[in-house]
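Visitor: Shown below is the structure under consideration.
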Amino acid sequence: MITRRDFLGQALGALLASRAQPSTELVETVPFVGEGDLPVDTLVGSGLRGRRALDLSKLTSESLVTPQEKFFVRTRCPNALPPIESFKISVRGLLDAPREIPLAELLPQARPMGTHLVECAGNSLAGHFGLMSAASWTGMPLSVLLERVSFSGRATRLLLSGFDEHRGRDPDSLPGASWIFTFDELQKAGAFLATEMNGAPLAPDHGFPVRLIVPGWYGCVSIKWLNEVVAVDDSALATDQMREFASRTEQDPYGPLDYLMTKPQSQASYGPRYARDFKPATIDVAAAPVRVERHRVDGKPLLRVVGLVWGGDRPPRRLLIRFNPELGFAPVEDCNPKTNATWNLWSHRWTPPGPGRYRIDLKVDEPWARTRRLDRGFYSRQIELL
Ligand SMILES: Nc1nc2c(c(=O)[nH]1)N[C@H]1C(S)=C(S)[C@@H](COP(=O)(O)O)O[C@H]1N2
Ligand SMILES: [Mo]
């Protein structure tokens, strides 16, 4: 039964809606200019140099979970992985007795672990920020593995490594992936062993048969083909991978004791020497435009910018946007991020004052938010209007 009041309310709503919507016509998508030449949605290179950037410009609210065959790739599957049936994770170091734990023993405990975003610390304008994707993961909390061994009281940290036997070399990256975490960091982040993405087994390039996912941290810690866990103490040196990613994960250039050392540091020249001097490689709150649509509304030009906001401890409520520094920041019109576990879309309409080149900058207006990359202009993008 529709009451008279409901009916009048609906009729009035429909009338207002039709008034508020002048005739809008999407004319084209305006490309970003001044970016690198990494192709999107295309696998390039092999082994350690293998990359696939996701085409962020196509993202809509329906595609915020990335299909596995599009999910970005950073380092392709090493040439020779052992067969799954015999895949074991070796746990050793500061514990009562080392153990080789067959993956098959853990698999019955696999369960949905939620949708989480992974962003490569090397994500940049060179690849149109496409080294970033989100998937719905299945796996088991790291504790399922750790509770099978008994750590010595001296163990304060865990070194997690992946099977990385690449035949080819990459002048820009070091082979072998490993990261050292405190027990507390792993627990707080909700680190888990992932065995499936979006309901299907991990593809070889994404770490089959098992990888680490550390929600909220950069992808460089999410070790693929995970096969080794070593319990260490606070004297552990940072790994090559940690040193390689030190600047990209906002580490100090040197640890406190490194200033006292006279000899040059061995592997890399940047980053603390000890794992204990590394800060959690967490992703700050970040935002970037991904698509600029040119519309015509009642004959007049109007731009609609669509973008993403992600990272941080919680989703920001106030996001600001500006088109060239002179024009000043204004609140993003349609921005209502729901979660910091994965990315959220926002959009903003803007009438350009005229032709020219515009740099789109974003800013988070929240006192609690750490936004180091964003504030450096790292995620800014440019368009050229004729
Ligand atoms: N074993 C191993 N794990 C690894 C890497 C690697 O080179 N080897 N690269 C890391 C980096 S830098 C990133 S960004 C993510 C990328 O995961 P994806 O290729 O599944 O997107 O894997 C991480 N795990
Ligand atoms: Mo990465």
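The values are calculated or read from the model by the stated rules, or taken from the named source; none is laboratory data. Quick caveat: nothing in here was measured; it's all calculated off a predicted structure. So basically every Cβ, Gly included, is an ideal-geometry build from the backbone, and we count neighbours across all protein chains shown. We work out accessible area using only protein heavy atoms, side chains counted, and drop any ligands, DNA or RNA first. Shrake-Rupley method; radii C 1.70, N 1.55, O 1.52, S 1.80 Å.
Visitor: Using r as the Cβ-Cβ distance of residue 143 and residue 386, and R0 as 45 Å, what FRET efficiency do you calculate, to the nearest 0.05?
Guide: Details: r = 57 Å, r/R0 = 1.27.
Rounded to the nearest 0.05, the efficiency is 0.20.
Visitor: What accessible area per residue, rounded to a whole number of Å², is obtained for the chain using a probe radius of 1.4 Å?
Guide: 49 Å²
Visitor: What is the gain in length, in nm to one decimal, between residue 326 and residue 351 on full extension, counting 0.36 nm per residue of separation less the C-alpha to C-alpha distance?
Guide: Computed gain between residue 326 and residue 351 is 7.5 nm.
Visitor: What are the trypsin sites (Lys or Arg not before Pro) within the range 329-368 that DSSP puts in a loop, where the Cβ has at most 14 other Cβ atoms within 10 Å?
Guide: Filter output for the range 329-368: 338.
Visitor: Just to verify a number: FRET efficiency for residue 152 and residue 279, C-beta to C-beta distance, R0 = 25 Å, to 0.05?
Guide: Given R0 = 25 Å and the Cβ-Cβ separation, E is 0.45.
Visitor: Could you give the length gained on full extension between residue 85 and residue 23, defined as 0.36 nm per residue of separation minus the Cα-Cα distance, in nm?
Guide: 16.3 nm
Visitor: Let me ask something else. Between the alpha-carbon centers of the range 305-338 and the range 130-148, tell me the distance in whole angstrom.
Guide: Result: 29 Å between the Cα centres.
Visitor: If you take the Cα Rg of the range 289-386 and divide it by 2.2 N^0.38 Å, with N the number of residues, what do you get?
Guide: 1.09
Visitor: Then there's this: In the structure shown, do any of 70/338; 224/279; 188/279 have a Cα-Cα gap over 19 Å, and if so which?
Guide: 70/338; 224/279
Visitor: Within the chain, what whole-number % of the accessible surface is contributed by carbon and sulfur, with the 1.4 Å probe and all protein chains included in the calculation?
Guide: The nonpolar share, carbon plus sulfur, comes to 53 percent.
Visitor: Let me know the Rg and Dmax you get for the chain when you use only its Cα atoms, in Å.
Guide: Answer for the chain, Rg first and Dmax second: 23.8, 86 Å.
Visitor: Compute the signed sum of charges (Lys and Arg +1, Asp and Glu -1) over the other residues within less than 14 Å, Cβ to Cβ, of residue 99.
Guide: Taking every Cβ under 14 Å from that of residue 99, the sum is -2.
Visitor: Given an 8 Å cut-off on Cα distances and at least 6 residues of separation, report the relative contact order of the range 341-386 as a percent.
Guide: After rounding, I find 47 percent.
Visitor: Dividing the convex hull volume of the Cα atoms of the range 91-157 by its residue count, what figure in Å³ per residue is obtained? Each step should come with its number before you reach the end.
Guide: Details: hull volume 8.8 nm³, N = 67.
About 131 Å³ per residue, rounded to a whole number.
Visitor: How high is the relative contact order of the range 282-323, given as a whole-number percent (alpha carbon pairs under 8 Å, six or more residues apart)?
Guide: 43 percent
Visitor: If you fit an axis through the alpha-carbon atoms of helix 4-20 and take the longest principal axis of the Cα set of the chain, what angle between them do you get, 0 to 90°, nearest 10?
Guide: 90 degrees
Visitor: A further question on this structure: Charges at C-beta only: +1 for Lys and Arg, -1 for Asp and Glu. How large is the resulting dipole of the chain about its Cα centre, in Debye rounded to 20?
Guide: Its charge dipole is roughly 640 debye.
Visitor: So how far apart, in nm, are the two label points at residue 365 and residue 101 if each is 7 Å from Cα heading toward Cβ?
Guide: Going by the 7 Å Cα→Cβ label model, 4.8 nm.
Visitor: Still on this structure, please answer the following. Compute the projected area of the convex hull of the Cα atoms of the range 240-349, averaged over all viewing directions, and report it in nm² to one decimal place.
Guide: Mean projected area for the range 240-349: 10.2 nm², to one decimal.
Visitor: On to the next question. Checking a compactness column here: for the range 50-106, what do you get for Rg(Cα) / (2.2 N^0.38 Å), N being the number of residues?
Guide: In units of the globular-protein estimate, the range 50-106 measures up at 1.77.
Visitor: Going from most exposed to least, what order do 146, 202 have by accessible area with a 1.4 Å probe?
Guide: Reading off the accessible areas and sorting them downward yields 146, 202.
Visitor: Using alpha-carbon pairs under 8 Å, 6+ residues apart, how would you state the relative contact order of the range 117-245 in percent?
Guide: 33 percent
Visitor: Here's something else I'd like to know. With springs connecting C-alpha atoms under 10 Å apart, model the chain as a Gaussian network and identify which of 277, 361, 55 has the largest mean-square fluctuation.
Guide: So, out of 277, 361, 55, the one fluctuating most is 277.
Visitor: For the pair residue 94/residue 258, report the inter-label distance in nm, with labels modelled 7 Å from Cα in the Cβ direction.
Guide: In this crude label model, residue 94 to residue 258 measures out at 2.2 nm.
Visitor: Using only the Cα atoms of the range 94-245, construct the convex hull and provide its projected area averaged over every direction, in square nanometres to one decimal.
Guide: The Cα convex hull of the range 94-245, projected and averaged over all directions, gives 9.6 nm².
Visitor: Tell me, rounded to the nearest percent, the portion of alpha carbon pairs in the range 186-244 spaced more than 19 Å apart.
Guide: 37 percent
Visitor: Percent antiparallel among DSSP beta bridges with both residues in the chain, to the nearest 5?
Guide: 95 percent
Visitor: Within 10 Å, Cβ to Cβ, of residue 204, how many net charges do the neighbouring residues add up to if Lys/Arg are +1 and Asp/Glu are -1?
Guide: +1
Visitor: Quick one: if you stick a label point 7 Å off each Cα along the C-beta vector at residue 338 and residue 376, how many nm between them?
Guide: The modelled label-to-label distance comes out at 3.2 nm.
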